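The values are calculated or read from the model by the stated rules, or taken from the named source; none is laboratory data. No experiment lies behind these values; they were computed from the predicted model shown. When we count neighbours, we look across all protein chains shown, and the Cβ atoms used for this are built from the backbone with ideal geometry, even at glycine.
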Amino acid sequence: MDASAAKLIGAGLATIALAGVGVGIGNIFGSFVSGALRNPEAAPRVFGNVLLGFALTEAVALFALVIAFMILFVF
Amino acid sequence: MHSPMEQFEIKPLLKFHLGSLDASYTNSALWMTIAVILAFMLFVLGTQKRALVPGRVQSIAEVGFEFVAGMVRDNVGDAGKKYFPFVLTLFVYILLCNLLGMVPYSFTPTSHIIVTFAMAAVVFVGVTIIGFARHGAHFLSLFVPKGVPFVLLLLLVPIEIISYFVRPFSLSIRLFANMLAGHTMLKVFGGFVVMLGIIGGWAPLAFIVVFTGLEFLIAFLQAYVFAILTCLYLNDAIHLHH
């Protein structure tokens, strides 16, 4: 196979990580909404943690992006 | 058409050379300087009047101060008071760099991994030194989870050690990749607007408007995450998982 074609396939494969991140972010906000509906008074107190979890999960997606960029531009 | 990566190019504005070292004053350095000057104006000049009923600038300074002070108090406790100035400096600097990056035609210093890695490395080395200074060799008990059978420890201790040494990388890559990805995405969709023209260009334009709002949220969120993770690492070093 041509090296540049393999690069493009590899960069595309790197985006598979987004499946896990989608599950993760959905899980965070889904749990937050269901928890907030059960106990609305406690919701504002945990919202900071929700944002923290969101940012940590999103970072995993960005690690995949960095790997895709490295495959495309560095090698 | 310009490449979406062109905005991250570092251009020297004033050329200096120290021997073989290129110490030019670049556009990255220019925007860092602007961020530092703005932070200075916000906290020193803005609070100079010390009015009992604060004006707009003084209110922003006080809210920011209180926000970070509460973050350090909640996550590190009283022992963290000493390190509050450091966390506040990190937070304000990253926040201003991120927000200034949202100004059209500006440059985002935090979109370069060397900038974020320098900050993360300072946090990592500093936290390790604080841990050893406070606890001596006992600090190594951070790597040994409590109440775990010996057989599992053989597996867990290497994982704990690896996760400790990955900290500066995950901390720096998170900030840099967020900035890089967000700004690249804005530019790519900006390209779509031009390509689709007056008929189809409205859809990506609407997306850009929404996404710019999200970018402002992310600019704040990443500064918050960087500061709060610094607090958590400090808490680990000071209280050793207790």
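Filtering B:Phe150, B:Phe207 for residues that are farther than 20 Å from A:Leu56 by Cα and modelled with pLDDT under 90 leaves a single hit, B:Phe150.
Inspection of region A:25-48 identifies at least one residue that is within 26 Å of B:Pro4 (Cβ to Cβ) and touching a residue at least 24 places away in the same chain (Cβ under 8 Å).
What's the number of the condition A:Ile9 fails, among (1) touching a helix residue (DSSP H, G or I) at 6+ places or on another chain (Cβ under 8 Å); (2) more than 23 Å from B:Phe216 (Cβ to Cβ)? Tallying (1) touching a helix residue (DSSP H, G or I) at 6+ places or on another chain (Cβ under 8 Å); (2) more than 23 Å from B:Phe216 (Cβ to Cβ), A:Ile9 fails exactly one: (1). For region B:232-241, the count of residues that are surrounded by 19 or more Cβ atoms within 10 Å (Cβ to Cβ), among the hydroxyl-bearing types (Ser, Thr, Tyr), within 11 Å of chain A (Cβ to nearest Cβ) and part of a helix (DSSP H, G or I) is zero.
Here region B:165-184 is the region considered, the condition is being surrounded by fewer than 17 Cβ atoms within 10 Å (Cβ to Cβ) and not hydroxyl-bearing (Ser, Thr, Tyr), and the residue that is farthest from the chain's Cα centre (by Cα) is B:Phe165. The residues of region A:1-17 that are surrounded by 13 or more Cβ atoms within 10 Å (Cβ to Cβ) and within 16 Å of the chain's Cα centre (by Cα), listed by number, are A:Leu13, A:Ala14, A:Thr15, A:Ala17. Within region B:1-51, being in a loop (DSSP other than H, G, I, E, B) and closer than 30 Å to B:Val188 by Cβ holds for B:Met1, B:His2, B:Ser3, B:Pro4, B:Met5, B:Glu9, B:Ile10, B:Lys11, B:Ser24. Contact annotation: no residue pair with Cβ atoms under 8 Å, 6 or more positions apart or on different chains, pairs a residue in region B:158-174 that is touching a residue at least 24 places away in the same chain (Cβ under 8 Å) and more than 14 Å from chain A (Cβ to nearest Cβ) with a partner that is surrounded by 15 or more Cβ atoms within 10 Å (Cβ to Cβ) and outside any helix (DSSP H, G or I).
Residues being aliphatic (A, V, I, L, M) and loosely packed, with under 12 Cβ neighbours inside 10 Å: count how many of those fall in region B:130-159. Steps first, answer last, please.
Initially, region B:130-159 is screened for residues aliphatic (A, V, I, L, M), giving B:130, B:133, B:137, B:140, B:142, B:144, B:148, B:151-157, B:159.
If we keep only those that are loosely packed, with under 12 Cβ neighbours inside 10 Å too, we end up with B:133, B:137, B:151-152, B:154-155, B:159.
The number of residues fulfilling the criteria is 7.
Looking for whichever is in contact (Cβ under 8 Å) with a residue 12 or more places away in the chain, of a type outside the set (Lys, Arg) and away from every other protein chain (no Cβ under 14 Å) here; the options are B:His138, B:His183. Which one fits?
Values: B:His183 fails: away from every other protein chain (no Cβ under 14 Å).
So the residue among B:His138, B:His183 that is in contact (Cβ under 8 Å) with a residue 12 or more places away in the chain, of a type outside the set (Lys, Arg) and away from every other protein chain (no Cβ under 14 Å) is B:His138.
Does B:Glu66 meet the test of being in contact with a Pro (Cβ under 7 Å, 6 or more places away or on another chain) and farther than 27 Å from B:Phe176 by Cβ?
On the way: in contact with a Pro (Cβ under 7 Å, 6 or more places away or on another chain): no; farther than 27 Å from B:Phe176 by Cβ: yes.
Criteria not met by B:Glu66.
Can you confirm whether A:Phe73 is within 14 Å of chain B (Cβ to nearest Cβ) and either loosely packed, with under 12 Cβ neighbours inside 10 Å or not in a helix (DSSP H, G or I) (or both)? Against the criterion (within 14 Å of chain B (Cβ to nearest Cβ) and either loosely packed, with under 12 Cβ neighbours inside 10 Å or not in a helix (DSSP H, G or I) (or both)), A:Phe73 qualifies.
Per this entry, A:Ile67 is not counted among residues that are closer than 23 Å to B:Met179 by Cα and touching a Gly at 6+ places or on another chain (Cβ under 6 Å).
Among the residues in region B:54-61, are any part of a loop (DSSP other than H, G, I, E, B) and either closer than 23 Å to B:Cys231 by Cα or not hydrophobic (A, V, I, L, M, F, W, C) (or both)? Before you say what the answer is, go through the steps one by one.
Step one: filter region B:54-61 for residues part of a loop (DSSP other than H, G, I, E, B), giving B:54-55.
Checking the rest, the ones that are also either closer than 23 Å to B:Cys231 by Cα or not hydrophobic (A, V, I, L, M, F, W, C) (or both) come to B:54-55.
Among the residues of region B:54-61, at least one is part of a loop (DSSP other than H, G, I, E, B) and either closer than 23 Å to B:Cys231 by Cα or not hydrophobic (A, V, I, L, M, F, W, C) (or both), which makes the answer yes.
Scan region B:105-129 residue by residue and report those that are hydroxyl-bearing (Ser, Thr, Tyr) and surrounded by fewer than 19 Cβ atoms within 10 Å (Cβ to Cβ). Show your work before the answer.
Taking region B:105-129 first, the residues hydroxyl-bearing (Ser, Thr, Tyr) are B:105-106, B:108, B:110-111, B:116, B:128.
Selection gives B:Tyr105, B:Ser106, B:Thr128.
Within region A:51-61, does at least one residue satisfy the condition of being in contact with a helix residue (DSSP H, G or I) (Cβ under 9 Å, 6 or more places away or on another chain) and loosely packed, with under 13 Cβ neighbours inside 10 Å? No.
From the set of residues in region A:12-32 that are β-branched (Val, Ile, Thr) and in a helix (DSSP H, G or I), which is nearest to A:Val60 (Cα to Cα)?
The first filter runs over region A:12-32 and keeps only residues β-branched (Val, Ile, Thr), leaving A:15-16, A:21, A:23, A:25, A:28.
When the remaining residues are screened for being in a helix (DSSP H, G or I), the result is A:21, A:23, A:25, A:28.
On the way: A:Val21: 7, A:Val23: 12, A:Ile25: 11, A:Ile28: 14 Å.
Top of the filtered list is A:Val21.
Tallying residues that are in contact with a helix residue (DSSP H, G or I) (Cβ under 6 Å, 6 or more places away or on another chain), within 13 Å of another protein chain (Cβ to nearest Cβ) and over 12 Å from B:Leu99 (Cα atoms) within region B:203-227 yields 3.
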